[in-house]
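Reading through the C-alpha coordinates given below for one structure.
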Amino acid sequence: MVDLTLTDEQQDLRELAHSFAEKDIRKVAWDYDKDGTWPQDIIEKAWEIGLMNTHIAEEYGGPGLDFLSGCLIEEEMGWGCSGIGTSLMANGLASAPITLGGSEETKKKYLGMLAEAPKLASFCLTEPDAGSDVSGMKTRAVKQGDKYVLTGSKCFITNGSYADYFTVYAKTDPEAGHRGISAFVVDADSPGVSVDKKEDKMGQRASNTATISFSDTEVPEGNLLGEENHGFKLAMMTLDRTRPGVAAMAVGIGKAALEFASDYSKERVQFGVPIAMHQAVAFMIADMATKVEAGRLLVWQSAVLLDQGKRNTLAASHAKRFSADSAMEIATDAVQVYGGYGFIKEYPVEKLMRDAKIMQLYEGTSQIQRLVIAKELLMGRQADEETPEHKALKAKENGKAETEKEPATA
Ligand code: COS
(Lines give C-alpha, C1' and ligand atoms only; values in the text may rest on other atoms or scores of the structure.)
Protein backbone atom coordinates (compact mmCIF):
# COMPACT_ATOMS: atom_id res chain seq x y z
CA MET A 1 0.00 0.00 0.00
CA VAL A 2 1.30 3.50 -0.81
CA ASP A 3 0.91 5.62 2.29
CA LEU A 4 1.70 9.34 2.15
CA THR A 5 1.08 9.88 5.87
CA LEU A 6 3.98 11.45 7.72
CA THR A 7 5.13 9.96 11.02
CA ASP A 8 4.46 11.92 14.23
CA GLU A 9 8.16 12.90 14.33
CA GLN A 10 8.04 14.15 10.74
CA GLN A 11 4.90 16.17 11.44
CA ASP A 12 6.46 17.71 14.55
CA LEU A 13 9.59 18.60 12.60
CA ARG A 14 7.52 20.15 9.84
CA GLU A 15 5.60 22.25 12.37
CA LEU A 16 8.82 23.33 14.07
CA ALA A 17 10.29 24.35 10.71
CA HIS A 18 7.11 26.19 9.70
CA SER A 19 6.93 28.09 12.95
CA PHE A 20 10.64 29.04 12.67
CA ALA A 21 10.11 30.17 9.05
CA GLU A 22 7.12 32.25 10.08
CA LYS A 23 8.45 33.84 13.26
CA ASP A 24 12.18 34.10 12.67
CA ILE A 25 12.72 34.12 8.92
CA ARG A 26 9.75 35.95 7.40
CA LYS A 27 10.06 38.73 9.98
CA VAL A 28 13.36 39.84 8.40
CA ALA A 29 13.31 38.21 4.96
CA TRP A 30 12.37 41.24 2.88
CA ASP A 31 14.79 43.53 4.77
CA TYR A 32 17.67 41.07 4.55
CA ASP A 33 16.95 40.66 0.85
CA LYS A 34 17.00 44.42 0.26
CA ASP A 35 20.38 44.96 1.88
CA GLY A 36 21.91 41.53 1.17
CA THR A 37 22.29 41.04 4.93
CA TRP A 38 24.12 37.89 6.01
CA PRO A 39 21.66 35.93 8.26
CA GLN A 40 24.17 34.90 10.96
CA ASP A 41 21.57 35.31 13.73
CA ILE A 42 19.14 33.01 11.93
CA ILE A 43 21.84 30.41 11.21
CA GLU A 44 22.75 30.27 14.90
CA LYS A 45 19.15 29.88 15.98
CA ALA A 46 18.32 27.26 13.33
CA TRP A 47 21.40 25.28 14.38
CA GLU A 48 20.39 25.58 18.05
CA ILE A 49 16.90 24.17 17.51
CA GLY A 50 18.10 21.36 15.25
CA LEU A 51 16.99 22.51 11.81
CA MET A 52 20.48 22.30 10.28
CA ASN A 53 22.67 19.29 9.45
CA THR A 54 19.78 16.86 9.94
CA HIS A 55 21.47 14.40 7.57
CA ILE A 56 24.57 13.93 9.76
CA ALA A 57 24.57 10.45 11.31
CA GLU A 58 24.25 10.06 15.09
CA GLU A 59 27.75 8.56 15.33
CA TYR A 60 29.16 11.91 14.14
CA GLY A 61 26.99 14.01 16.43
CA GLY A 62 24.01 14.68 14.14
CA PRO A 63 20.41 13.46 14.40
CA GLY A 64 20.75 11.15 11.37
CA LEU A 65 17.32 12.00 10.00
CA ASP A 66 15.91 10.55 6.81
CA PHE A 67 15.97 12.44 3.50
CA LEU A 68 12.20 12.99 3.52
CA SER A 69 12.44 14.82 6.87
CA GLY A 70 15.20 16.99 5.40
CA CYS A 71 12.90 17.86 2.48
CA LEU A 72 10.05 18.80 4.83
CA ILE A 73 12.38 21.32 6.49
CA GLU A 74 13.65 22.63 3.15
CA GLU A 75 10.13 23.29 1.88
CA GLU A 76 9.39 25.39 4.95
CA MET A 77 12.69 27.27 4.63
CA GLY A 78 11.83 28.02 0.99
CA TRP A 79 8.42 29.23 2.11
CA GLY A 80 10.04 31.54 4.68
CA CYS A 81 12.84 32.87 2.45
CA SER A 82 14.75 30.75 -0.04
CA GLY A 83 17.81 33.02 0.21
CA ILE A 84 18.12 32.43 3.94
CA GLY A 85 17.05 28.80 3.36
CA THR A 86 19.91 28.30 0.90
CA SER A 87 22.39 29.52 3.51
CA LEU A 88 20.91 27.18 6.11
CA MET A 89 20.88 24.12 3.88
CA ALA A 90 24.21 24.38 2.01
CA ASN A 91 26.04 22.29 4.62
CA GLY A 92 24.11 19.30 3.29
CA LEU A 93 25.65 19.76 -0.16
CA ALA A 94 29.17 20.30 1.17
CA SER A 95 29.12 17.38 3.56
CA ALA A 96 27.42 14.72 1.40
CA PRO A 97 30.73 13.87 -0.38
CA ILE A 98 32.30 13.38 3.06
CA THR A 99 29.51 11.04 4.14
CA LEU A 100 29.88 9.14 0.89
CA GLY A 101 33.65 9.09 0.50
CA GLY A 102 35.39 10.24 3.68
CA SER A 103 37.52 8.02 5.88
CA GLU A 104 36.27 7.40 9.42
CA GLU A 105 38.73 10.00 10.71
CA THR A 106 37.64 12.58 8.11
CA LYS A 107 33.97 12.01 8.91
CA LYS A 108 34.54 12.37 12.63
CA LYS A 109 36.46 15.59 12.16
CA TYR A 110 34.49 17.38 9.47
CA LEU A 111 30.94 16.13 10.04
CA GLY A 112 31.54 16.48 13.77
CA MET A 113 32.61 20.09 13.26
CA LEU A 114 29.19 20.98 11.81
CA ALA A 115 27.33 19.08 14.50
CA GLU A 116 29.27 20.65 17.39
CA ALA A 117 28.84 24.33 16.49
CA PRO A 118 26.95 26.50 14.00
CA LYS A 119 29.74 26.25 11.44
CA LEU A 120 29.44 26.22 7.67
CA ALA A 121 30.97 24.32 4.79
CA SER A 122 30.83 24.94 1.04
CA PHE A 123 30.74 22.72 -2.03
CA CYS A 124 33.28 23.84 -4.63
CA LEU A 125 32.53 22.30 -8.02
CA THR A 126 31.68 25.09 -10.48
CA GLU A 127 34.36 27.12 -12.23
CA PRO A 128 34.15 30.16 -14.51
CA ASP A 129 34.56 27.91 -17.59
CA ALA A 130 32.97 24.73 -16.17
CA GLY A 131 29.35 25.06 -15.04
CA SER A 132 27.07 22.41 -16.52
CA ASP A 133 30.14 20.75 -18.05
CA VAL A 134 31.71 19.53 -14.82
CA SER A 135 34.48 17.56 -16.52
CA GLY A 136 35.75 20.77 -18.17
CA MET A 137 37.14 21.97 -14.83
CA LYS A 138 40.71 23.30 -14.74
CA THR A 139 41.55 23.25 -11.02
CA ARG A 140 44.54 20.94 -10.55
CA ALA A 141 45.57 18.71 -7.68
CA VAL A 142 49.09 17.34 -7.89
CA LYS A 143 50.30 14.62 -5.53
CA GLN A 144 53.54 15.54 -3.78
CA GLY A 145 54.64 13.02 -1.17
CA ASP A 146 51.91 12.64 1.44
CA LYS A 147 49.90 15.64 0.27
CA TYR A 148 48.13 17.11 -2.72
CA VAL A 149 48.77 20.65 -3.97
CA LEU A 150 45.69 22.45 -5.30
CA THR A 151 45.63 25.38 -7.71
CA GLY A 152 42.58 26.89 -9.38
CA SER A 153 39.46 28.95 -8.95
CA LYS A 154 35.86 28.05 -8.10
CA CYS A 155 32.89 30.38 -8.57
CA PHE A 156 29.26 30.75 -7.40
CA ILE A 157 30.18 29.12 -4.09
CA THR A 158 27.28 29.28 -1.61
CA ASN A 159 28.38 30.43 1.88
CA GLY A 160 31.94 30.69 0.50
CA SER A 161 32.86 33.79 2.54
CA TYR A 162 31.75 32.17 5.82
CA ALA A 163 32.71 28.51 5.40
CA ASP A 164 35.13 26.76 7.73
CA TYR A 165 35.98 24.19 5.10
CA PHE A 166 35.35 23.38 1.47
CA THR A 167 34.78 20.15 -0.44
CA VAL A 168 36.76 20.83 -3.59
CA TYR A 169 36.87 18.99 -6.91
CA ALA A 170 40.08 19.07 -8.93
CA LYS A 171 41.74 17.29 -11.81
CA THR A 172 44.25 14.68 -10.73
CA ASP A 173 44.55 13.31 -14.28
CA PRO A 174 43.85 16.17 -16.70
CA GLU A 175 43.84 13.91 -19.78
CA ALA A 176 41.16 11.56 -18.44
CA GLY A 177 38.05 13.79 -18.65
CA HIS A 178 35.46 12.95 -16.00
CA ARG A 179 37.58 9.97 -14.93
CA GLY A 180 40.43 12.28 -13.88
CA ILE A 181 38.63 14.27 -11.16
CA SER A 182 39.16 13.83 -7.39
CA ALA A 183 37.46 15.37 -4.37
CA PHE A 184 39.13 16.81 -1.27
CA VAL A 185 38.28 18.51 2.00
CA VAL A 186 40.19 21.77 2.34
CA ASP A 187 40.27 23.86 5.51
CA ALA A 188 39.30 27.45 4.75
CA ASP A 189 42.30 28.79 6.69
CA SER A 190 44.82 26.75 4.69
CA PRO A 191 47.63 28.85 3.18
CA GLY A 192 46.83 29.82 -0.42
CA VAL A 193 43.04 29.89 0.01
CA SER A 194 41.41 33.22 -0.79
CA VAL A 195 37.82 34.44 -0.98
CA ASP A 196 37.91 36.72 -3.99
CA LYS A 197 34.44 38.06 -4.60
CA LYS A 198 30.98 38.28 -3.12
CA GLU A 199 28.40 38.32 -5.91
CA ASP A 200 25.67 40.98 -6.07
CA LYS A 201 22.70 38.86 -7.09
CA MET A 202 19.23 39.35 -8.61
CA GLY A 203 17.56 37.18 -5.96
CA GLN A 204 18.27 35.13 -2.85
CA ARG A 205 20.24 38.18 -1.81
CA ALA A 206 20.62 37.12 1.83
CA SER A 207 22.64 34.08 0.78
CA ASN A 208 26.36 34.49 0.27
CA THR A 209 27.87 33.57 -3.10
CA ALA A 210 31.63 33.89 -3.49
CA THR A 211 34.62 33.00 -5.65
CA ILE A 212 37.22 30.85 -3.90
CA SER A 213 40.77 30.49 -5.21
CA PHE A 214 43.47 28.01 -4.33
CA SER A 215 47.09 28.85 -4.94
CA ASP A 216 49.53 26.02 -4.17
CA THR A 217 47.22 24.98 -1.33
CA GLU A 218 48.54 21.89 0.43
CA VAL A 219 45.99 19.27 1.44
CA PRO A 220 46.90 16.14 3.46
CA GLU A 221 46.37 12.94 1.44
CA GLY A 222 43.95 11.77 4.14
CA ASN A 223 41.58 14.54 2.99
CA LEU A 224 41.02 12.82 -0.36
CA LEU A 225 37.35 11.77 -0.53
CA GLY A 226 36.79 8.36 -2.05
CA GLU A 227 39.34 7.07 -4.50
CA GLU A 228 41.62 9.21 -6.62
CA ASN A 229 40.01 9.98 -10.00
CA HIS A 230 36.54 8.96 -8.76
CA GLY A 231 35.43 12.48 -7.82
CA PHE A 232 33.01 12.95 -10.72
CA LYS A 233 30.77 10.12 -9.57
CA LEU A 234 31.00 11.39 -6.02
CA ALA A 235 29.73 14.76 -7.26
CA MET A 236 26.86 13.15 -9.18
CA MET A 237 25.88 10.98 -6.20
CA THR A 238 26.00 14.08 -4.01
CA LEU A 239 23.65 15.93 -6.36
CA ASP A 240 21.27 12.94 -6.32
CA ARG A 241 21.06 13.46 -2.55
CA THR A 242 20.67 17.22 -2.56
CA ARG A 243 18.44 17.89 -5.58
CA PRO A 244 15.31 16.62 -3.75
CA GLY A 245 15.93 19.23 -1.05
CA VAL A 246 16.50 22.02 -3.57
CA ALA A 247 13.29 20.97 -5.30
CA ALA A 248 11.53 21.10 -1.92
CA MET A 249 12.74 24.66 -1.45
CA ALA A 250 11.27 25.51 -4.88
CA VAL A 251 7.94 23.99 -3.75
CA GLY A 252 8.14 26.29 -0.72
CA ILE A 253 8.59 29.36 -2.94
CA GLY A 254 5.63 28.24 -5.05
CA LYS A 255 3.47 27.70 -1.99
CA ALA A 256 4.34 31.15 -0.63
CA ALA A 257 3.52 32.80 -3.98
CA LEU A 258 0.24 30.85 -4.21
CA GLU A 259 -0.80 31.96 -0.72
CA PHE A 260 0.03 35.62 -1.32
CA ALA A 261 -1.79 35.59 -4.66
CA SER A 262 -4.90 33.86 -3.37
CA ASP A 263 -5.15 36.15 -0.31
CA TYR A 264 -4.74 39.19 -2.52
CA SER A 265 -7.27 37.93 -5.05
CA LYS A 266 -9.89 37.74 -2.29
CA GLU A 267 -9.22 41.32 -1.16
CA ARG A 268 -8.72 43.15 -4.43
CA VAL A 269 -12.01 44.33 -5.92
CA GLN A 270 -12.37 45.09 -9.63
CA PHE A 271 -15.57 45.29 -11.66
CA GLY A 272 -17.49 45.19 -8.36
CA VAL A 273 -16.24 41.80 -7.07
CA PRO A 274 -13.02 40.38 -5.59
CA ILE A 275 -10.80 39.41 -8.53
CA ALA A 276 -10.86 35.78 -7.26
CA MET A 277 -14.44 35.73 -8.54
CA HIS A 278 -13.19 36.29 -12.08
CA GLN A 279 -12.51 32.94 -13.68
CA ALA A 280 -9.40 34.29 -15.41
CA VAL A 281 -7.81 34.77 -11.98
CA ALA A 282 -9.40 31.76 -10.25
CA PHE A 283 -7.99 29.43 -12.92
CA MET A 284 -4.51 30.88 -12.46
CA ILE A 285 -4.78 30.17 -8.74
CA ALA A 286 -5.99 26.64 -9.46
CA ASP A 287 -3.02 25.94 -11.76
CA MET A 288 -0.59 27.32 -9.18
CA ALA A 289 -2.03 25.00 -6.54
CA THR A 290 -1.78 21.93 -8.78
CA LYS A 291 1.88 22.72 -9.51
CA VAL A 292 2.66 22.99 -5.80
CA GLU A 293 0.97 19.67 -5.02
CA ALA A 294 2.56 17.84 -7.98
CA GLY A 295 6.00 19.26 -7.18
CA ARG A 296 5.73 18.11 -3.57
CA LEU A 297 4.81 14.57 -4.63
CA LEU A 298 7.86 14.40 -6.92
CA VAL A 299 10.04 15.69 -4.08
CA TRP A 300 8.71 13.10 -1.65
CA GLN A 301 9.16 10.32 -4.20
CA SER A 302 12.78 11.29 -4.87
CA ALA A 303 13.53 11.48 -1.12
CA VAL A 304 11.75 8.23 -0.22
CA LEU A 305 13.72 6.33 -2.88
CA LEU A 306 16.91 7.51 -1.18
CA ASP A 307 15.54 6.53 2.22
CA GLN A 308 14.88 3.07 0.79
CA GLY A 309 18.51 2.91 -0.39
CA LYS A 310 17.53 3.07 -4.05
CA ARG A 311 19.05 5.06 -6.86
CA ASN A 312 16.98 8.24 -7.26
CA THR A 313 18.80 10.00 -10.12
CA LEU A 314 15.77 10.06 -12.41
CA ALA A 315 13.27 11.00 -9.69
CA ALA A 316 15.58 13.73 -8.33
CA SER A 317 15.87 15.35 -11.77
CA HIS A 318 12.10 15.11 -12.33
CA ALA A 319 11.56 16.79 -8.94
CA LYS A 320 14.19 19.49 -9.42
CA ARG A 321 13.18 20.32 -13.01
CA PHE A 322 9.45 20.41 -12.37
CA SER A 323 9.54 22.21 -9.01
CA ALA A 324 12.06 24.83 -10.16
CA ASP A 325 10.19 25.61 -13.38
CA SER A 326 6.90 25.60 -11.45
CA ALA A 327 8.25 28.00 -8.80
CA MET A 328 9.21 30.42 -11.57
CA GLU A 329 5.80 30.09 -13.25
CA ILE A 330 3.86 30.39 -10.01
CA ALA A 331 5.83 33.42 -8.82
CA THR A 332 5.40 35.09 -12.23
CA ASP A 333 1.65 34.41 -12.11
CA ALA A 334 1.50 35.74 -8.55
CA VAL A 335 2.94 39.02 -9.82
CA GLN A 336 0.30 38.95 -12.54
CA VAL A 337 -2.50 38.47 -10.00
CA TYR A 338 -1.20 41.50 -8.07
CA GLY A 339 -1.26 43.50 -11.33
CA GLY A 340 0.86 46.67 -11.24
CA TYR A 341 1.31 46.30 -7.47
CA GLY A 342 3.12 43.03 -8.06
CA PHE A 343 5.90 44.94 -9.78
CA ILE A 344 6.47 47.17 -6.75
CA LYS A 345 8.96 46.24 -4.04
CA GLU A 346 6.54 47.24 -1.28
CA TYR A 347 4.51 44.12 -2.15
CA PRO A 348 5.86 40.66 -1.35
CA VAL A 349 5.72 38.79 -4.64
CA GLU A 350 8.41 40.52 -6.71
CA LYS A 351 11.04 39.09 -4.31
CA LEU A 352 9.61 35.61 -4.87
CA MET A 353 9.88 36.04 -8.62
CA ARG A 354 13.54 37.08 -8.33
CA ASP A 355 14.27 34.28 -5.85
CA ALA A 356 12.56 31.61 -7.96
CA LYS A 357 14.85 32.27 -10.94
CA ILE A 358 17.92 30.72 -9.33
CA MET A 359 16.04 27.48 -8.69
CA GLN A 360 16.17 26.87 -12.47
CA LEU A 361 19.93 27.51 -12.46
CA TYR A 362 21.75 26.16 -9.41
CA GLU A 363 22.45 22.49 -8.64
CA GLY A 364 21.96 21.78 -12.33
CA THR A 365 19.93 23.96 -14.70
CA SER A 366 16.49 22.84 -15.85
CA GLN A 367 18.14 21.93 -19.15
CA ILE A 368 20.69 19.70 -17.38
CA GLN A 369 17.84 18.02 -15.47
CA ARG A 370 16.17 17.25 -18.81
CA LEU A 371 19.48 15.87 -20.07
CA VAL A 372 19.72 13.59 -17.01
CA ILE A 373 16.07 12.53 -17.40
CA ALA A 374 16.58 11.72 -21.09
CA LYS A 375 19.78 9.77 -20.38
CA GLU A 376 18.27 7.82 -17.51
CA LEU A 377 15.21 6.94 -19.58
CA LEU A 378 17.02 6.17 -22.82
CA MET A 379 19.88 4.27 -21.20
CA GLY A 380 17.38 2.36 -19.08
CA ARG A 381 19.23 2.66 -15.79
CA GLN A 382 17.44 0.83 -13.01
CA ALA A 383 15.73 2.98 -10.41
CA ASP A 384 16.13 0.29 -7.80
CA GLU A 385 19.93 -0.03 -8.03
CA GLU A 386 21.24 -0.01 -4.50
CA THR A 387 23.30 2.90 -3.25
CA PRO A 388 26.64 2.27 -1.48
CA GLU A 389 25.05 3.26 1.86
CA HIS A 390 22.31 0.73 1.32
CA LYS A 391 24.87 -1.97 0.59
CA ALA A 392 26.92 -0.94 3.65
CA LEU A 393 23.79 -0.93 5.81
CA LYS A 394 22.81 -4.39 4.59
CA ALA A 395 26.33 -5.68 5.24
CA LYS A 396 26.14 -4.27 8.78
CA GLU A 397 22.73 -5.86 9.34
CA ASN A 398 23.98 -9.19 8.05
CA GLY A 399 27.04 -8.90 10.28
CA LYS A 400 24.77 -8.23 13.24
CA ALA A 401 22.54 -11.14 12.34
CA GLU A 402 25.57 -13.43 12.11
CA THR A 403 26.81 -12.28 15.53
CA GLU A 404 23.37 -12.77 17.06
CA LYS A 405 23.24 -16.26 15.61
CA GLU A 406 26.63 -17.19 17.02
CA PRO A 407 25.65 -18.26 20.56
CA ALA A 408 22.92 -20.54 19.18
CA THR A 409 25.30 -22.29 16.78
CA ALA A 410 28.21 -22.50 19.24
N1 COS B 1 25.42 8.52 -9.87
C2 COS B 1 26.51 7.74 -10.06
N3 COS B 1 27.23 7.78 -11.23
C4 COS B 1 26.80 8.62 -12.19
C5 COS B 1 25.67 9.43 -12.04
C6 COS B 1 24.97 9.35 -10.82
N7 COS B 1 23.89 10.09 -10.63
N8 COS B 1 25.50 10.16 -13.17
C9 COS B 1 26.48 9.82 -14.00
N10 COS B 1 27.26 8.88 -13.42
C11 COS B 1 28.43 8.21 -13.99
C12 COS B 1 28.07 7.51 -15.29
O13 COS B 1 27.64 6.18 -15.03
C14 COS B 1 29.40 7.53 -16.03
O15 COS B 1 30.21 6.51 -15.50
P16 COS B 1 31.43 5.82 -16.32
O17 COS B 1 32.57 6.77 -16.27
O18 COS B 1 31.71 4.56 -15.55
O19 COS B 1 30.93 5.58 -17.70
C20 COS B 1 29.99 8.87 -15.61
O21 COS B 1 29.39 9.20 -14.37
C22 COS B 1 29.75 9.98 -16.61
O23 COS B 1 28.35 10.12 -16.77
P24 COS B 1 27.71 10.82 -18.03
O25 COS B 1 28.26 10.20 -19.27
O26 COS B 1 26.23 10.82 -17.85
O27 COS B 1 28.33 12.29 -17.91
P28 COS B 1 28.08 13.55 -18.83
O29 COS B 1 29.33 14.35 -18.75
O30 COS B 1 27.57 13.19 -20.16
O31 COS B 1 26.87 14.31 -18.11
C32 COS B 1 26.04 15.86 -16.49
C33 COS B 1 26.98 14.71 -16.83
C34 COS B 1 25.98 16.93 -17.57
C35 COS B 1 24.66 15.33 -16.24
C36 COS B 1 26.69 16.38 -15.23
O37 COS B 1 27.94 16.93 -15.55
C38 COS B 1 25.86 17.38 -14.47
O39 COS B 1 24.99 17.01 -13.67
N40 COS B 1 26.15 18.67 -14.68
C41 COS B 1 25.54 19.71 -13.90
C42 COS B 1 26.37 19.99 -12.74
C43 COS B 1 25.67 20.81 -11.73
O44 COS B 1 24.60 20.45 -11.25
N45 COS B 1 26.28 21.92 -11.40
C46 COS B 1 25.74 22.79 -10.41
C47 COS B 1 26.81 23.08 -9.42
S48 COS B 1 26.64 22.29 -7.97
S49 COS B 1 25.76 23.69 -6.96
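Below is a table of values for the structure above.
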quantity: Scope segment 271-324; condition touching a strand residue (DSSP E or B) at 6+ places or on another chain (Cβ under 8 Å) and farther than 30 Å from residue 233 by Cβ; matching residues; calculated: 275, 278
quantity: Segment 45-81: number of residues that are aliphatic (A, V, I, L, M) and surrounded by fewer than 19 Cβ atoms within 10 Å (Cβ to Cβ); calculated: 2
quantity: Pairs where the first residue, in segment 365-380, is under 14 Å from residue 319 (Cβ atoms) and the second is among the acidic types (Asp, Glu) and more than 8 Å from the ligand (Cβ to nearest atom), C-beta under 8 Å, 6+ apart; calculated: 366/325
quantity: Some residue of segment 185-197 being closer than 30 Å to residue 302 by Cβ and within 13 Å of the ligand (Cβ to nearest atom); calculated: no
quantity: Candidates 217, 211 - the one that is modelled with pLDDT of 95 or more, in a strand (DSSP E or B), within 16 Å of the ligand (Cβ to nearest atom) and hydroxyl-bearing (Ser, Thr, Tyr); calculated: 211
quantity: Cβ pairs under 9 Å, 6+ apart, first in segment 220-247 and free of Cβ contacts under 8 Å to residues at least 24 places away in the same chain and under 25 Å from residue 138 (Cβ atoms), second within 13 Å of the ligand (Cβ to nearest atom) and among the polar types (S, T, N, Q); calculated: none
quantity: Extreme residue, surrounded by the most Cβ atoms within 10 Å (Cβ to Cβ), among residues of segment 96-119 that are within 15 Å of the ligand (Cβ to nearest atom) and among the aliphatic types (A, V, I, L, M); calculated: 96
quantity: Among the candidates 177, 152, residue that is in a helix (DSSP H, G or I), modelled with pLDDT of 95 or more, more than 28 Å from residue 54 (Cα to Cα) and small (Gly, Ala, Ser); calculated: 177
quantity: Residue match in segment 236-258 (condition: buried (at least 24 other Cβ atoms within 10 Å of the Cβ) and touching a strand residue (DSSP E or B) at 6+ places or on another chain (Cβ under 8 Å)); calculated: yes
quantity: Some residue of segment 221-230 being under 17 Å from residue 100 (Cβ atoms), of a type in the set (Asp, Glu) and surrounded by fewer than 16 Cβ atoms within 10 Å (Cβ to Cβ); calculated: yes
quantity: Residue check for residue 182: in contact with a strand residue (DSSP E or B) (Cβ under 7 Å, 6 or more places away or on another chain), outside any strand (DSSP E or B), within 15 Å of the ligand (Cβ to nearest atom) and small (Gly, Ala, Ser); calculated: no
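The values are calculated or read from the model by the stated rules, or taken from the named source; none is laboratory data. This is a predicted model, so every value here is computed, not measured. Here the Cβ is made from the backbone with ideal geometry for all residues, glycine too, and neighbour counts use every protein chain on show.
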